[in-house]
1. Out of everything in segment 319-332 that is touching a strand residue (DSSP E or B) at 6+ places or on another chain (Cβ under 9 Å) and modelled with pLDDT of 95 or more, what residue ends up being surrounded by the fewest Cβ atoms within 10 Å (Cβ to Cβ)?
2. What number of residues in segment 157-178 are under 20 Å from residue 221 (Cβ atoms) and in contact with a helix residue (DSSP H, G or I) (Cβ under 7 Å, 6 or more places away or on another chain)?
3. Mind checking which residues of segment 295-318 are out of contact with any helix residue (DSSP H, G or I) (no Cβ under 9 Å at 6 or more places or on another chain) and either at pLDDT 95 or above or not in a loop (DSSP other than H, G, I, E, B) (or both)?
4. Does segment 148-166 contain at least one residue that is more than 13 Å from the chain's Cα centre (by Cα), more than 22 Å from residue 366 (Cα to Cα) and in contact (Cβ under 8 Å) with a residue 24 or more places away in the chain?
5. If a residue counts only when it is outside the structural domain of residue 334 (by TED's automatic domain parsing) and within 24 Å of residue 352 (Cβ to Cβ), which strands (runs of 3 or more DSSP E) contained entirely in segment 41-85 have at least 1 such residues?
6. Would it be correct to say that residue 1 is at pLDDT below 95 and over 19 Å from residue 329 (Cβ atoms)?
7. Select, from 161, 165, 151, 178, the only residue that is surrounded by 22 or more Cβ atoms within 10 Å (Cβ to Cβ) and either more than 21 Å from residue 254 (Cα to Cα) or not assigned by TED's automatic domain parsing to the domain that holds residue 350 (or both).
């Protein structure tokens, strides 16, 4: 069976253990991680589920039964799982087997050192609750045109979820293409960067300098109370964000983690956006926030640290820390993978979920017990889906080299493809196991 990933679990775990460094700290983290939320229910110790001729795959370096169970629930093909405590792997030696069948009693075989079980039933996502009108949100994502990000954003668009549940939505990319019911806006970048720093993360500051330039140029932020940047693989619940922001009215921006702002969700108010706009205007070509680029040594930084330091160190803006903004391992939310409605009823985002299967499962889990959205009836009595309320999308920027645009493209802009690119269905991201503590970069060029 091929070692494929239904999420980014092993990738971020490698990075976390690498950053902790010492064995005692790693042991303490894994003990906390293993506690989980107990969402899995009944499991069978020292029992292997053996079923022939069914779908299956294995994931290396999965440290707990809880996580293995959650990975199974997050894959619609998975009906049962077996977790191997010590599979002889370097670093974290544990392994998770996802299986496409429910075993009969005869297929349950004794085997020391394994744990098997059936995941909780997948929930059905029926929509987000009705959101308050205030405060208003302009939300955007940067999308890499290849890989799973187009599928993730297309699902969000089709279900009026994520950034598509905000008052205004924009998807930025370096290619003009359809994403659900919208067209992407062009960014002057190839979206490629190196990896480095203490955590071997994406050194993508210059990519997002180009993105924020596009945001400033579009100027949609001027019509809304808050501007929210969300990664495509972050499950984002805008109605919860509005509730949280009621406690931060007038703040320049809001920090999502006590360790410093992290990139999955970045929430900027009118003050911070005004400062960014002015900083871009101060550069001779308008392409960079001049004072921040001149005043910061950010060669080994990710975009989140650059933005945070730009606003706080260079411009002296203060940001309250709001832990409700995000649930991810990198900010002490180790059991993010369940997206638990009972444990995290007010958490605004969960990260990361890199396939549509896993993403939609997380949204459904997070919405358990929430009021369903209001759906008016058609003349026949059938319920009617309500699309997200969006201001009309602007005419998409033409490809450079087309008859509607200059013949010569500025640096970094692609020429028109022979056939317009279309969003594709989700597919699993191939994962090649790398022993801990060797650093493993994210499969994304943009993190």
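The values are calculated or read from the model by the stated rules, or taken from the named source; none is laboratory data. Note that the structure is predicted; figures quoted are calculated from it, not measured. Cβ sites come from the backbone with ideal geometry, for glycine too, and all protein chains shown count toward neighbours.
1. Narrowing segment 319-332 to residues touching a strand residue (DSSP E or B) at 6+ places or on another chain (Cβ under 9 Å): 319-322, 325-328.
Filter again for modelled with pLDDT of 95 or more, leaving 319-322, 325-327.
Working: 319: 20, 320: 11, 321: 13, 322: 19, 325: 26, 326: 26, 327: 29.
Looking at residues that are touching a strand residue (DSSP E or B) at 6+ places or on another chain (Cβ under 9 Å) and modelled with pLDDT of 95 or more, I get 320.
2. Start the filter on segment 157-178 by keeping residues that are under 20 Å from residue 221 (Cβ atoms), which leaves 162-173.
Applying the additional criterion that residues be in contact with a helix residue (DSSP H, G or I) (Cβ under 7 Å, 6 or more places away or on another chain) yields 162-166, 168-172.
Number satisfying all stated conditions: 10.
3. Quick first cut of segment 295-318, residues out of contact with any helix residue (DSSP H, G or I) (no Cβ under 9 Å at 6 or more places or on another chain) only: 297, 300, 308, 312, 316.
Hits for segment 295-318 are 308, 312, 316.
4. The answer is no; no qualifying residue exists.
5. Values: elements: 43-49, 56-60, 80-84.
Counting at least 1 such residues, we get 56-60, 80-84.
6. Values: at pLDDT below 95: yes; over 19 Å from residue 329 (Cβ atoms): yes.
The answer is yes for residue 1.
7. Values: 165 fails: either more than 21 Å from residue 254 (Cα to Cα) or not assigned by TED's automatic domain parsing to the domain that holds residue 350 (or both); 151 fails: surrounded by 22 or more Cβ atoms within 10 Å (Cβ to Cβ); 178 fails: surrounded by 22 or more Cβ atoms within 10 Å (Cβ to Cβ).
161 is the lone residue from the list that is surrounded by 22 or more Cβ atoms within 10 Å (Cβ to Cβ) and either more than 21 Å from residue 254 (Cα to Cα) or not assigned by TED's automatic domain parsing to the domain that holds residue 350 (or both).
Residue-by-condition table, conditions (1) buried (at least 24 other Cβ atoms within 10 Å of the Cβ); (2) within 16 Å of residue 144 (Cα to Cα):
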| position | (1), (2) |
| --- | --- |
| 206 | no, yes |
| 226 | yes, no |
| 235 | yes, no |
| 240 | no, no |
